[in-house]
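Everything below concerns the one structure shown next.
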Amino acid sequence: MYEFDYQKAASLDDAAKFLAAHDDAKLVAGGMTLIPTLKQRLAKPSDLVDLASIGSLKGIAEEAGGVTIGAMTRHVEVQRSDIVRRVIPALAALAGMIGDPAVRNRGTIGGSIANNDPAADYPAAVVGLGATVVTTKREISGDSFFTGMFETALGQDEIVTTVKFPKPQAAAYQKFKNPASRYAIVGVFVARTGQGVRVAVTGAGPCVFRVPEMEAALARSFSADAIKDIAIPDDGLNSDIHASAEYRAHLVGVMARRAVAACA
Amino acid sequence: MQKTVSLTVNGKPVSATVEGRTLLVQLLRETLGLTGTHVGCDTSQCGACVVHVDGEAVKSCTLLALQAEGRSVKTIEDVADGDTLHPMQEAFRDNHALQCGFCTPGMIMSALDLVKNNPDPTDREIREYLEGNFCRCTGYHNIVLAIKAGAAAMRGAPVEPHGAAAE
Amino acid sequence: MEMHGELRIPAPRAEVWAKLNDPETLKTCIPGCETVDKISETEFTAKVVARVGPVKATFAGKVTLTDLDPPSSYTISGEGTGGVAGFAKGSAKVSLDDAGAETVLRYGVQAQVGGKLAQIGSRLIDATSRKMADDFFNRFMGVMTSSDGAAPAS
Amino acid sequence: MTEIGTPVRRREDYRFLTGQGTYTDDINRPRQLYAYILRSPHANAALRGVDFAAAAKAPGVVAVYTGKDIEADGVGGLPCGWLVHSKDGSPMYEPPHPVLAQGRVRHVGDPVAVVIADSLAQARDAAELIQVDYAVEPAIANAAGALRAGAPQVWPEVPGNICYDWHLGDPAAVEQALAKAARVVKLDLTNNRLVPNAMEPRAAIGDFDRATGEHTLYTTSQNPHVIRLLMGAFVLHLPEAKLRVVAPDVGGGFGSKIYHYAEEAIVTWAAAKLKRPVKWTAERVESFMSDAHGRDHATHVELGLDVDNKFVALKVSTIANMGAYLSTFATCIPTYLYATLLAGTYTTPVIYAETKAVFTHTVPVDAYRGAGRPEATFLLERIVDLAADELGLDPAELRRKNFIPTDAFPYQTPVALQYDSGDYFSTLELATKAADYAGFEARRADAARSGKLRGIGIATYIEACGIAPSAVVGSLGARAGLFEAATVRVHPTGSVTVLTGSHSHGQGHETTFAQLVADGLGVPIEQIDIVHGDSAKIPYGMGTYGSRSLAVGGTAIIKAMDKIVAKGKKIAAHLLEAAEADIEFKDGQFSVAGTDRSKTLGEIALTAYVPHNFPHDELEPGLDETAFYDPKNFTFPSGAYVAEVEIDPDTGTLEIVKFTASDDFGRIVNPMIVAGQVHGGLAQGIGQALLENCVYDHSTGQLLTASYNDYAMPRADDLPSFALSTHATLCTHNPLGVKGCGEAGAIGAPAAISNAIVDALKDYGVRHIEMPATPEKLWRAVHPQNMAAE
C-alpha cells in the first residue's frame, strides 16, 4: 500500500465536506474491495475516510411495507436479519451468498453498490426489487443508480445513506459462481411486484441490466416455461478465462428460469 | 502519517503507533509478535489470517490497524486455556485435521465463528462456511470431522467416535 | 481482445480526418487523457489516468499514427506503462468512407494488457478495453456533432 | 511395545494449534533488513538499462542490486540437477539461470533487481522508482507453439526451443506390434499446468556472522542440505562448513519447495555484503510467477490390443513445457519419472515413449505432487477407458484382463522398472465393492429421471516412490545421490534424539518416526525427539519429496537403530557376563536368553557414557549411531480409485457424488496420517481434474491467473468426503515393508474423475474432456451445436 491519511468521519456531513475538498480521498466502508486493491498498489488515495463510526448509517428497519437498510449495514446482518428474512427472504439469501463468512462480517451494502463491481450480487437485488438508493443529496431509483462498469450516479461528495427495498410479492436470486473468486459469473434476481415483474442480471455484462422480454413474458405468465424460449444475445456480454459470453448468455436463461421456479 | 491505535488484544489493552496503511495482521505479527496469525494471500481469500474482532471472524489482512481502534481482537494464541487446548483445538488434533499447520489458526478461528452461530452444523454447512479458508494439505475431509466433533464437545454432546482414527 | 464498430458522422470526410489527427481532439477523446504533446506529425506523448472501479493507474506513453492514407485511413496506436499496474497497448485501425454529406467511420480495435493488471484483473481486461474503445469513439462522435466542434462536457 | 500400525496423535499439533509454530516468516533477526524483488512484467524483453539512482536514494534504502552486481561478484547461476540426453546421445541444452536477470528477461516474474531497505514498505516504495528500459519482443507461452517454425526463440543457442528430445523403449517393436494389433486406440490429450500453492508462501532470511564467518539461510525448503550444496557449491561458492541452511516449520511443499530458488541466494549473498540479516517473503501474486509450476504436457497416445483384448503395445509422444529456465529437477520429471511408469499395472509387453522438452517464456516447470507419475497415469487410464468404450467392455474387466498377475512379482516392465510386489486385483475389488460399482446402472437411471447425467470412472495407478538407487539414477544423469541419513542418539538416561535428513512440512514425521523408534528401542514416545531441517544439526540428508521419507529416511533410522542395538548387545554382554550371541533385545531390555538377567536400554546407555565398567578394548564409549541408507529399488505403491459424478446438463455443473479409494502402501505405521495424506492428494488430483488451471496468454506470455481470483483452488464445498481402504503387499527390499503414500491421491484422482465424466457423457459421443473439466466445457459437450464457438 501507499501511505495515506486515515480519517475517521464523525458525521456524514464531515465525510461529505472532506470528499468535496479532497479530490483524491476515498471512502472506506467495509473495505473488502478497496483494501485488497490498495495492497496491490493499484490506487493511491491521499486519504481514507472511514464511515464506520457514523451510527446513522447502520441498521435495518421495516418501513412502508418494505425494508430500509443503512449503507454501513454488513452483509451478515442482512443475511441474518429477522426483518429481511420475513419481508424479503430472497434479499437475505443473496446477502448470504456474497464472498465468504469473514468477508460478510465486514462488507457493507453501501460499499458494494457504490463500487458496482460488474459481478457483485447486491446490484441485482437493487435493480431486481426496484429499490431506491438514498444519498446525502437525493433519492435515486435503482434503475438509474448503476450507470456502467464500476460506475454509478453518485457524485464525488455524495454518499449512499440507505437503500429502500419495497416488498415484492415473490422474489428469488440464483447465482452461478465463479469457481475461483466466487463472484457471480451470472446472477439473476427475479421479483414479482405489484407493478409487474423485474428480472435483473449481474455478472453477465459490464453492469447489472434488466431483461425486458423476460419481464413481459413473466408478466403474462409467471412460470419458468414462459421464458424458456427467450434467448439472451451474447453481444456485449463479458468474456474471460472462466466463461465465454455465449455461455454467460445461456446461463442467464437457466438462472432466470430457476429463480422463477424458486419464487413459487 | 503515524497515528496511535489503542485496542484490546487477547484481553490485554494495547497501544501502538502505526501508519495509515498498517494492516491489523502487521500489527499483530510484527509489532506484537503474535505470529500465529498467518498471511497466505494478497486478495482476501485464503483465510490464514482470520482473527476475531469483537467476537466475529474477520480477515486481518483486509483490515487496517486503525480500523480496529477501540475493538477487541482475539487471535489463535488466546484460544487455549493455559496449556489446555480448547475443545475445538482438541478436536482438530484428535481428527488429524491439520498437516502443515499453516492454515490451521485461521481455520480454527473460522470454526469457532461458525459454531457460535450454528452450534450443531451439518457437514454441508461446515463445507459452505469454509468458503473463505483454504487448506492445501488435508483435502478438508478431517477438518469437517473435527469441526463437527469440536461443535459437539462445545455443546456438551457425547463425542462421536472420530473418523480419522477409525480409518 | 478485438472489437469492431462503425459510426456515421454528420460531417465531411476531410473534416473528420482533420479531427482524427488533431492532438486536442485526441486528448478529449482518449478516456482519462490528461495531456497530449505533439512530437511530430505522427507521434505524441500522452498521460492517461485509467480508472476502473477502485483501481486508478496513471499511464505514461506514446500515441503514434501509422499506415497513413489521408484522408481515408490510419492506425492509431497507444502504448503506456503504468508503474506497478503494468502496461497497456491498444491500437485502432480507422477507415473513413463518404456517405453523401456524411462520413462512415469504421474501426477495428485491438488491446493488450500486461503486468499486474493482467495477473490479477484478467476478468476485467476485455470489458475495460471495450469500454475505453466505446468511450473514445462516442466522444469523437460528440466532438464531431457539437456545434462548435469542441468536446462535450464529460 | 508396538507403536507401528496405530493412529498415534501427532506430536507436532500442539504448537500449530496454538499459533506457536515457527515458519520462516515468523523469524526476525536483530537489525534485519527487508528485500523486495522487482520482477519483469514482460515475458520476453532485452534489458536496455536499469536506472535505480532514485531508488537508491529513497528513504530507508540500504542497497539496490541488479544483475550487474551479481555478475561482478561472480555469483553463479542456479544449477539443474539432472542431465538428460537426447535420442542422438547429445546432452540437453542447459541454459544459464542467473539469480537476477542479465541482459534479458524470459518470463513474467523474472527477477530484475532487488531493493533492500529498513522496512518492506520502504523497499516497495523505492522499487517503484526504478526505471527499467525493456525492449519488448514477441513471446511464446505454449510448448506446441514454441516448436512451430518461426516461433520466438527463448534461447538463441537452441534453435527450435528444444531442450532435449528423449526416448525410452523399442520403437521398432512397438510399431510392429501396433501394425499387427486387432485394434489401435488413439487419443490426444493435455495435462494442464498447475501452480502448487502451498499455503505458506516462500520466504528466506539470509544472516551473516562476521565473527565466525558463518552464513545462515532460513528458508521454506523441503531439503535444506540440497539447498546448502547447490547454493554453496554452484551459486555463492561458499564452503559448506560456513553455510548453514535451516528449514524450520514449513507450511506445505508439494514439490515446490524442493528447488533452489534465486531469492535464497540473493538474501544470503546480500546479507554477507551488507553485514545485516535480509528477509524476503513472497506475496501470493509473486508465488504464482516465481514458484516452479507443475505438469503442462501435450501428449499423443496409441494403445494396441489383440483379438483377446490384451494390450500388445503402447506408444506415447509428449511435448513437455520446461518454462524459460531449467528448475532444479525439471528435466527428470517428463522422462525418468514419467515414461518409466507407462506400464502402469498392466502387462503391456512393448512400450515406446518419446518426450520433447521445450523452452517457453513461462515460469519454470518442475515436480509437483506426483511428478511425472500423474501424467503417465492420466494418459494410460484414459486410453484404457477409451479402449473399453470402443470395444464395448466393462472398464474394470478390461483392466483385470491386463493386470500383472499377483504371482508374477518381481515383475520386469519394458520401461526399465522392476516392480517388487503388488496386488492390483485386490485393491480394484475393494474399491469397486465399496463404490457399489455393480449397482451403478440403477443409480444412473435414477439420476436420469431427475434430468442429471451420472457417470462412474475407475482408475488404477502404480507409482515409483523413494527414487533410487543412487548408482542407477547416476547412470541416468542424476547429479545427486538419493540415499538418506539418520542419527539415533541415545542419551545417558535412555531418552533418544533422532536426527533425520528427511524433512517434514506437514507429513507428521515427528510422530511417525517416533513410532518407529518407540517400536524399535522400546522407549516411550514422550522420550523421543525427532530433529530435522537444520543442516548444522542433522547429518547430510536429501530431504523429503517423492514419497520417500518413510521408505528411505525411515529405513535409515532403522539401520541406525540396528547399530545401537548391536552395540548395546556388546555392552550388555560385558555387564551381564554373558556371550554376545546370547543377548536378546526386546521392548527396551537386553536379556541373557533363557534367564531373567537383563539390563534396560537406559542402563546400557548410562554405561556407555559413564564407562567405568565397559569393554574399552572392543568399543568406543557413547551410544550414538549414524546410518546412511541407499535403497536397492524404488517402492511401488498402487491402488484403484472409483469416482462417481453427476452433471447438470443445463449448466454443466458437476458434483462428485462419491469418491472411493483403495491403496496398497505396504506396511502402514500410522493409519491416521496415511489417510490424511490420501485425502490431501485426492483434493489436489480432483483440483487438477475440475478446477485448477494456470493460464498464460499464448501470444504475449502474460500470466492471467496470478491470484485466487482466477486460479481456482479446491475449497471444502468443492470436495466430497472420501471412502478409503487399504490392502497391503509389503515392499520386499526395505525392512519395514513400507511403500510411501504422499502422492497417490494426486496420481490416481485425475483419471478417475475424467473417466467418470466421459462415462456420464457417453450418450453424447464424448471421447475425452480436457482438464480442468469446467462447467462450460461440460455444457458445450452436451450442447454440441455450441462446440464450434470454442
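Candidates C:52, C:104, C:63: the one that is touching a residue at least 60 places away in the same chain (Cβ under 8 Å) and either over 25 Å from residue A:147 (Cβ atoms) or in contact with a His (Cβ under 6 Å, 6 or more places away or on another chain) (or both) is C:104. Being open to solvent by less than 30 Å² (accessible area, probe 1.4 Å), at pLDDT 95 or above, farther than 30 Å from residue D:372 by Cβ and not in a loop (DSSP other than H, G, I, E, B) is the requirement here; does residue D:604 meet it? Spelling it out, residue D:604 is indeed open to solvent by less than 30 Å² (accessible area, probe 1.4 Å), at pLDDT 95 or above, farther than 30 Å from residue D:372 by Cβ and not in a loop (DSSP other than H, G, I, E, B). Within region D:456-471, no residue that is at positive phi sits with its Cβ atom under 6 Å from a residue that is assigned to a strand (DSSP E or B) and among the aromatic types (Phe, Trp, Tyr) at 6+ positions apart or across chains.
Look at (1) more than 12 Å from the chain's Cα centre (by Cα); (2) buried (at least 23 other Cβ atoms within 10 Å of the Cβ); (3) not assigned by TED's automatic domain parsing to the domain that holds residue B:10 and you find that residue B:63 fails only one, number (3). Residues in region B:92-114 that are open to solvent by less than 10 Å² (accessible area, probe 1.4 Å) and in a helix (DSSP H, G or I): B:92, B:104, B:105, B:106, B:107, B:108, B:109, B:110, B:111, B:113, B:114.
The C-beta contact set for region B:132-150 (first residue among the β-branched types (Val, Ile, Thr), second residue not in a helix (DSSP H, G or I), distance under 6 angstrom, 6+ apart or interchain) comprises B:138/B:99; B:143/B:97.
Of the listed requirements (1) assigned to a helix (DSSP H, G or I); (2) surrounded by fewer than 24 Cβ atoms within 10 Å (Cβ to Cβ), residue D:302 misses just one: (1). Counting only strands (runs of 3 or more DSSP E) wholly contained in region C:1-92, the ones carrying 3 or more residues that are crowded, with 20+ Cβ neighbours inside 10 Å occupy C:43-52, C:55-69, C:73-81.
Scanning region B:86-144 for residues that are over 14 Å from residue D:16 (Cβ atoms), among the aliphatic types (A, V, I, L, M) and touching a Ser or Thr at 6+ places or on another chain (Cβ under 8 Å) yields B:130, B:144. Contact map, region D:535-552: first residue outside the structural domain of residue D:664 (by TED's automatic domain parsing) and of a type outside the set (Ser, Thr, Tyr), second residue open to solvent by 20 Å² or more (accessible area, probe 1.4 Å) and not in a loop (DSSP other than H, G, I, E, B), Cβ cut-off under 8 Å, separation 6 or more or different chains; pairs are D:536/D:244; D:537/D:531; D:538/D:531; D:539/D:626; D:539/D:628.
Would you mind stating whether residue D:493 is touching a helix residue (DSSP H, G or I) at 6+ places or on another chain (Cβ under 6 Å) and open to solvent by 40 Å² or more (accessible area, probe 1.4 Å)? In short, yes.
Among the residues of region D:99-137, those that are open to solvent by less than 30 Å² (accessible area, probe 1.4 Å), out of contact with any Ser or Thr (no Cβ under 9 Å at 6 or more places or on another chain) and under 25 Å from residue D:231 (Cβ atoms) comprise D:99, D:115, D:116, D:117, D:123, D:127.
Residue selection: residue A:15 satisfies the criterion of being open to solvent by less than 30 Å² (accessible area, probe 1.4 Å), in contact (Cβ under 8 Å) with a residue 24 or more places away in the chain and outside the structural domain of residue A:91 (by TED's automatic domain parsing). As for region D:355-372, it holds no residue that is under 30 Å from residue D:406 (Cβ atoms) and β-branched (Val, Ile, Thr). Selection over region B:44-71 of residues that are farther than 19 Å from residue A:80 by Cβ, small (Gly, Ala, Ser) and within 7 Å of another protein chain (Cβ to nearest Cβ) gives a count of 3. If you check D:704, D:730 for being within 14 Å of chain C (Cβ to nearest Cβ) and aliphatic (A, V, I, L, M), only one passes: D:704. Of all residues in region D:435-472, exactly one satisfies the criterion of being closer than 29 Å to residue D:419 by Cβ, at pLDDT 95 or above, open to solvent by 10 Å² or more (accessible area, probe 1.4 Å) and not in a loop (DSSP other than H, G, I, E, B), namely D:456. Taken over region B:8-26, the criterion of being free of Cβ contacts under 8 Å to residues at least 60 places away in the same chain and either open to solvent by 60 Å² or more (accessible area, probe 1.4 Å) or within 16 Å of the chain's Cα centre (by Cα) (or both) is satisfied by B:12, B:13, B:15, B:17, B:24, B:25, B:26.
Suppose we filter region D:257-278 for residues that are open to solvent by less than 10 Å² (accessible area, probe 1.4 Å) and of a type in the set (Lys, Arg); how many remain? Final tally of qualifying residues: 1. Inspection of region A:10-22 finds no residue satisfying the criterion of being out of contact with any Leu (no Cβ under 6 Å at 6 or more places or on another chain), under 30 Å from residue A:85 (Cβ atoms) and within 14 Å of another protein chain (Cβ to nearest Cβ).
The rows are residues; the columns are (1) in contact with a Cys (Cβ under 9 Å, 6 or more places away or on another chain); (2) open to solvent by 10 Å² or more (accessible area, probe 1.4 Å); (3) at pLDDT below 95.
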position	(1), (2), (3)
A:20	no, yes, yes
A:24	no, yes, yes
A:28	no, no, no
A:49	no, no, no
A:53	no, yes, yes
A:66	no, no, no
A:73	no, no, no
A:80	no, yes, no
A:83	no, yes, no
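Scanning region B:66-89 for residues that are under 17 Å from residue B:101 (Cβ atoms), among the aliphatic types (A, V, I, L, M) and buried (at least 23 other Cβ atoms within 10 Å of the Cβ) yields B:76, B:88. Under the condition of being more than 13 Å from the chain's Cα centre (by Cα) and under 22 Å from residue A:62 (Cα atoms), the residues counted in region A:160-183 number 8. Annotation: of all residues in region A:222-239 being touching a helix residue (DSSP H, G or I) at 6+ places or on another chain (Cβ under 6 Å) and either in a helix (DSSP H, G or I) or within 12 Å of residue A:201 (Cβ to Cβ) (or both), the one that is nearest to the other protein chains (Cβ to nearest Cβ) is A:238. On the stretch given as region D:506-534, residues that are open to solvent by less than 10 Å² (accessible area, probe 1.4 Å) and touching a Lys or Arg at 6+ places or on another chain (Cβ under 6 Å) total 2. Restricting A:131, A:171, A:93 to those that are over 19 Å from residue B:45 (Cα atoms), within 14 Å of chain B (Cβ to nearest Cβ) and modelled with pLDDT of 95 or more reduces the list to A:93. Put simply, of B:40, B:33 the only residue that is under 27 Å from residue D:196 (Cβ atoms), in a loop (DSSP other than H, G, I, E, B) and among the small types (Gly, Ala, Ser) is B:40.
The values are calculated or read from the model by the stated rules, or taken from the named source; none is laboratory data. From a predicted model like this one, the values you see are computed outputs, not experimental measurements. Cβ atoms come from the backbone with ideal geometry, glycine included; neighbour counts cover every protein chain shown. For accessibility, only protein heavy atoms count, side chains too; no ligands or nucleic acids. Shrake-Rupley method; radii C 1.70, N 1.55, O 1.52, S 1.80 Å.
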